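Asks: The following block contains the structure, expressed as structure tokens.
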Amino acid sequence: MQEQAAVAKAVAKYQRVSPRKTRLVARNVVGLDVENAINVLRFTPNKTAAVLMGVVKSAYANAAQNESLDEDSMYVKEVVVNEGPSWKRFMPRAQGRATKIHKRTSHITVILAEGQD
């Protein structure tokens, strides 16, 4: 059997950001070490980047709490962005009509691993 690599994980559910927009930002940090990933997210002018940075920091803190992990060699192995429930709202329009608005939410999972593959 192969030996499992040590990983740290953090999950943020029901975040009020669109999954499609979150995946665009998440693609930029996969494969980077944690320090570089946080710097990329810090200077990305996007609400999604701030939410994603919080999840990366949380996963990094989880790695620091686990004694068997070396947090200096951690990198972003995977970022999974799933769709959460949508808030359904209506917006009034002309002549007494209304249109639907879907305020989308995301479930974001960040997995950090030790050492580069």
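Any read-out appearing in this document is the output of simple, stated calculations on the displayed coordinates, not a laboratory observation. All values reported here derive from a predicted model rather than from experimental measurement. Positions of Cβ are generated from backbone atoms using ideal geometry, with glycine treated the same way; all protein chains shown enter the neighbour counts.
Asks: Can you tell me how region 51-117 classifies by the Cα gyration tensor, rounded, prolate or oblate, using a/c under 1.5 as the rounded cut?
Replies: Since a/c reaches 1.5 and a/b is larger than b/c, the shape of region 51-117 is classed as prolate.
Asks: If you find the alpha carbon centre of region 35-61 and of region 67-93, how far apart are they in angstrom?
Replies: Centre-to-centre (Cα) distance: 11 Å.
Asks: Averaging sequence separations of C-alpha pairs under 8 Å and six or more residues apart, then dividing by the length of region 7-114, give the relative contact order as a whole percent.
Replies: 42 percent
Asks: Out of GLY96, GLY84, GLY54, any idea which swings most in a Gaussian network model of the chain, alpha carbons joined below 10 Å?
Replies: Maximum among the listed residues: GLY96.
Asks: So which chymotrypsin sites (Phe, Trp or Tyr not before Pro) in region 34-85 pass both tests, a DSSP loop state and at most 14 other Cβ atoms within 10 Å of the Cβ?
Replies: For chymotrypsin sites (Phe, Trp or Tyr not before Pro) across region 34-85 that sit outside H, G, I, E and B with at most 14 neighbouring Cβ atoms in 10 Å, the list reads PHE43.
Asks: Taking square-rooted eigenvalues a ≥ b ≥ c of the alpha carbon gyration tensor, is region 1-64 rounded, prolate or oblate, where a/c under 1.5 means rounded and, failing that, a/b exceeding b/c means prolate?
Replies: In terms of gyration-tensor shape, prolate.
Asks: Would you mind ranking SER86, SER18, SER68 by Cβ crowding within 10 Å, fewest neighbours first?
Replies: By the 10 Å Cβ count, ascending, the order reads SER68, SER86, SER18.
Asks: Here are a few candidate values for mean projected area of the Cα convex hull in nm²: (1) 7.3; (2) 8.9; (3) 6.5. Which one was actually calculated from the structure I just gave you?
Replies: (2)
Asks: Can you pull out the GluC sites (Glu not before Pro) in region 1-85 whose DSSP state is coil and whose Cβ has at most 16 other Cβ atoms within 10 Å?
Replies: Qualifying residues, ordered by number: GLU3, GLU67.
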